[in-house]
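The next block holds one structure in the form of structure tokens; read it before the comments.
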Amino acid sequence: MNATEMNATEQAQAIRDDGVAILVDMSGYTASTRLSVFALRPAPVQVSWLAYPSTIGGDFVDYIVGDPILTPLEHQADFAERIAQLPLCYEPTDELREHPPSPTRAECGGASLRSACGLPDDAFVFACFNQSYKITEDVFSGWCRVLQRVPGSVLWLLVPQDDIQIALRQRAAERGIDAQRLVFAPFVSPSEHLGRLRQADLFLDTFPYGAHTACSGALWMGLPVLTRIGRSF
């Protein structure tokens with residue numbers, strides 16, 4: 001029987017029957033969570049890793065996997081779990097993952113890829129492909145100050161929602177920024193997204209909720225990322 005066809009008690013029993021020694025949760029308090037299974041303690045060692053950037057806050061998860069930047073050991077008191085520290089980075093990437101080339105001018109109908117993306121060919125392109133709910137007032141104000149100090153630059157954002165585009169353009173205008181210096185990218189396939197990352201010059205991260213896979217994808221494609229260390233995972 002597939003796990004999706006079992007209730008929490010049945011899943012927990014199947015895990016016990018299989019003799020699982022270490023059970024790893026990769027969802028936390030997100031969609032399709034399995035924490036109800038973990039709460040039944042089906043494995044002797046239970047671990048939280050990667051997908052949920054915070055403590056679970058319960059006594060049924062023993063360890064959270066982190067690294068010296070995300071989970072400094074002096075922050076142990078902030079976690080219900082023991083910190084299991086990896087030496088460099090808690091998020092691995094695969095050197096064999098796709099590294100797609102950018103489309104040619106011919107594939108873009110004769111235009112440069114920047115033009116095809118709605119970007120000026122001669123502008124310095126700041127980009128952030130984090131979800132729009134991570135763009136706080138402080139973050140956006142900081143970005144506007146950057147645009148003020150770099151004439152002719154543009155800010156490329158992954159914001160396909162019309163209402164959020166309108167709101168951000170209004171906020172930019174209130175800060176003296178030409179609203180047309182905000183360029184909005186649509187959602188595309190993962191391969192297309194990786195390919196277009198080369199058209200940006202610098203990725204500006206959000207705070208306090210920073211990039212995860214958006215950051216690793218940018219770095220994988222050679223796009224530098226500017227971020228900041230906060231006080232939370």
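The values are calculated or read from the model by the stated rules, or taken from the named source; none is laboratory data. Owing to the predicted nature of the structure, the values given are computational and were not obtained by experimental measurement. Ideal geometry is used to build each Cβ from the backbone, glycine not excepted, and the neighbour counts take in all protein chains shown. Just so you know, the surface numbers come from the protein's heavy atoms only, side chains and all, with ligands and any DNA or RNA stripped out. Shrake-Rupley method; radii C 1.70, N 1.55, O 1.52, S 1.80 Å.
Worth a mention:
- Looking only at segment 97-108, residues that are modelled with pLDDT of 85 or more and open to solvent by 90 Å² or more (accessible area, probe 1.4 Å) come to 2 in all.
- Residue count for segment 54-74, restricted to those that are open to solvent by 40 Å² or more (accessible area, probe 1.4 Å), free of Cβ contacts under 8 Å to residues at least 24 places away in the same chain and closer than 20 Å to Arg228 by Cα: 3
- Any hit, segment 20-31, residues being free of Cβ contacts under 8 Å to residues at least 12 places away in the same chain, closer than 22 Å to Arg231 by Cβ and part of a loop (DSSP other than H, G, I, E, B): no
- Against the test of being of a type outside the set (Val, Ile, Thr) and modelled with pLDDT under 95, the options Leu157, Leu147, Leu119 yield a single qualifying residue, Leu119.
- Given (1) open to solvent by 20 Å² or more (accessible area, probe 1.4 Å); (2) touching a residue at least 12 places away in the same chain (Cβ under 8 Å); (3) assigned to a helix (DSSP H, G or I); (4) among the small types (Gly, Ala, Ser), number of the condition Gly152 does not satisfy: (3)
- Segment 109-140, residues that are without any contact (Cβ under 8 Å) to a residue 12 or more places away in the chain and open to solvent by less than 60 Å² (accessible area, probe 1.4 Å): Gly110, Ala111, Ser112, Ser115
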